[in-house]
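See structure below.
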Amino acid sequence: MSFEIINVFSSLVEKQAVAEIEKCNDFTARFGLQISRQNAVELIETRNLTLKDNGRIEFGSGVIHKIIREFCDSPYISMHNYVETLHELTELFYFYKNEALDLISDEDLIKFMKKSFDGKCQGSLELLAGRELANMARNLRYGYAPDYTKDLACYVEGQDEDEDG
């Protein structure tokens, strides 16, 4: 009996998550981005598989709608790559949430991902995953700021930090 209750609860949570993703269309339409009900269902499936693969559980509808709202104004996302990019960003989010040992909030991780994606990575998911997020996770594990780099930490003797050059 309790197994049936869990299945019903899980189904309701998934329906709520799909509805929440679909509601994002009201916001993303101004950027020329829309997601179909089928694509929303597939995103939830990606989330569920990624959570399982990373040994995570999640209550509620998750972070997909937050990723959508943060990334919809990216100059590197169009209707051509929108859904595929959302799948990859969802997978990256949960993987690097684990890699960072949960030392960064969901919102801060999403903001870091967006800043890196639009900035240093210039829309490259490969650079985002292979360089920026990997460095961020390592930095957090060793007690540094997420965007710490050795280049920025070098101090040139005799040069004041406020000076240009």
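The table below gives the values:
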item: Residues of region 28-76 that turn out to be among the charged types (D, E, K, R), out of contact with any helix residue (DSSP H, G or I) (no Cβ under 7 Å at 6 or more places or on another chain) and farther than 25 Å from GLN122 by Cα, as a count; result: 4
item: Any hit, region 30-53, residues being in a loop (DSSP other than H, G, I, E, B) and closer than 27 Å to TYR142 by Cβ; result: no
item: Subset of region 75-94 that is outside any helix (DSSP H, G or I) and either touching a residue at least 12 places away in the same chain (Cβ under 8 Å) or basic (Lys, Arg) (or both) - its residue that is surrounded by the most Cβ atoms within 10 Å (Cβ to Cβ); result: ILE77
item: Region 11-44, residues that are touching a Cys at 6+ places or on another chain (Cβ under 6 Å) and either exposed (fewer than 13 other Cβ atoms within 10 Å of the Cβ) or aliphatic (A, V, I, L, M) (or both); result: LEU33
item: Region 54-72, residues that are surrounded by fewer than 15 Cβ atoms within 10 Å (Cβ to Cβ) and in a helix (DSSP H, G or I); result: ARG69
item: Filter pass, ILE104 being under 24 Å from LEU127 (Cβ atoms), surrounded by 15 or more Cβ atoms within 10 Å (Cβ to Cβ) and modelled with pLDDT of 95 or more; result: yes
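The values are calculated or read from the model by the stated rules, or taken from the named source; none is laboratory data. Being a predicted model, the structure only gives us computed values, none of them experimental. For neighbour counting, all protein chains shown are included, and Cβ atoms are generated from backbone atoms with ideal geometry for every residue, glycine included.
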